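Take a look at the structure set out below.
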Amino acid sequence: MKKLSEDNLPKPTENPWQILQSKDIYENPWIKVREDKVINPSGNEGIYGTVNFKNKAIGIIPIDENGFTWLVGQYRYPLNEYSWEIPMGGGKIAVPSSKSFDEQILEAAQRELWEETGIIAEKWTKIARIHTSNSVTDEEGFVFIAENLSFGNNAPEETEQLLIKKVHLSTALHWVLADEITDAISMIGILKVCQLRGIS
């Protein structure tokens, strides 16, 4: 597989959209919905609605010395479905802050892993940056591998009723390929980890 470098990355192009007017439609502590009156790339007027996420999406794949990981099951309100996922949550980034962006993202990942599973990890590796549904939202996500694990009690939020399942990475990969895991960040993270570790 050819590795991307600065020399062979696609060159950015100018923004073909022109914003004529913006209006905030709805806002709560987690998201803001905005509608723009625009001129589209064809030169015609129209509207474009976007959802701004106030937190970064952060997923974690804890892995022990035998290649096992932990998945979290919960009922997802927007889907009206039960979902198995990697531990994940939202991380608020303070700008400006005395800590760097990467430090704040890592701290959020450490907090989310402990809150959802009770796991604390000594070794952390960021493996992915993700944009979810980028036609309608600016949500940005990050995935970490967490290793050298120790275990305690979890502390889920009041909106979370969680089940925790320990499975081998090969099983998690099978669930992704069988569409038993459908969450995008979980799928990307598991696929990337398995590719990096030669698991098929």
Of a type in the set (F, W, Y), within 29 Å of D36 (Cβ to Cβ) and crowded, with 16+ Cβ neighbours inside 10 Å: does that describe F142?
yes
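Of all residues being touching a Leu at 6+ places or on another chain (Cβ under 7 Å) and part of a strand (DSSP E or B) in the stretch 69-107, which is modelled with the lowest pLDDT? Just the residue, please.
To start, the set of residues in the stretch 69-107 that are touching a Leu at 6+ places or on another chain (Cβ under 7 Å) comprises 69, 72-74, 84-87.
If we keep only those that are part of a strand (DSSP E or B) too, we end up with 69, 72-74, 84-85.
Details: T69: 98, V72: 96, G73: 95, Q74: 92, W84: 97, E85: 97.
The residue in question is Q74.
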Can you tell which of I181, I190, I199, I127 is modelled with pLDDT of 95 or more, part of a loop (DSSP other than H, G, I, E, B), touching a helix residue (DSSP H, G or I) at 6+ places or on another chain (Cβ under 6 Å) and surrounded by 12 or more Cβ atoms within 10 Å (Cβ to Cβ)?
I181
Kindly indicate the residue of the stretch 50-68 that is assigned to a loop (DSSP other than H, G, I, E, B) and charged (D, E, K, R) and also surrounded by the most Cβ atoms within 10 Å (Cβ to Cβ) among those meeting that condition.
D64
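Yes or no, residue by residue, for (1) in contact with a helix residue (DSSP H, G or I) (Cβ under 9 Å, 6 or more places away or on another chain); (2) closer than 17 Å to I185 by Cβ:
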site	(1), (2)
G59	yes, yes
Y75	no, no
E85	yes, yes
F101	no, no
Q104	no, no
L113	no, yes
G118	no, no
All conditions in (1) modelled with pLDDT of 95 or more; (2) out of contact with any Ser or Thr (no Cβ under 8 Å at 6 or more places or on another chain); (3) at positive phi are true of E65 except (3)
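Could you check the stretch 164-178 and list, in sequence order, the residues that are touching a strand residue (DSSP E or B) at 6+ places or on another chain (Cβ under 7 Å) and not in a strand (DSSP E or B)?
L169, A172, W175
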Among the residues of the stretch 151-167, what is the count of those that are loosely packed, with under 13 Cβ neighbours inside 10 Å, of a type outside the set (F, W, Y) and modelled with pLDDT under 95?
8
Does the stretch 32-49 hold any residues that are part of a strand (DSSP E or B) and either assigned by TED's automatic domain parsing to the domain that holds G141 or loosely packed, with under 14 Cβ neighbours inside 10 Å (or both), and which are they?
E45, G46, I47, G49
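The values are calculated or read from the model by the stated rules, or taken from the named source; none is laboratory data. Everything numeric in this text was worked out from a predicted model, so none of it was measured. Every residue, glycine as well, gets a Cβ built from its backbone with ideal geometry; the counts of neighbours run over all protein chains shown.
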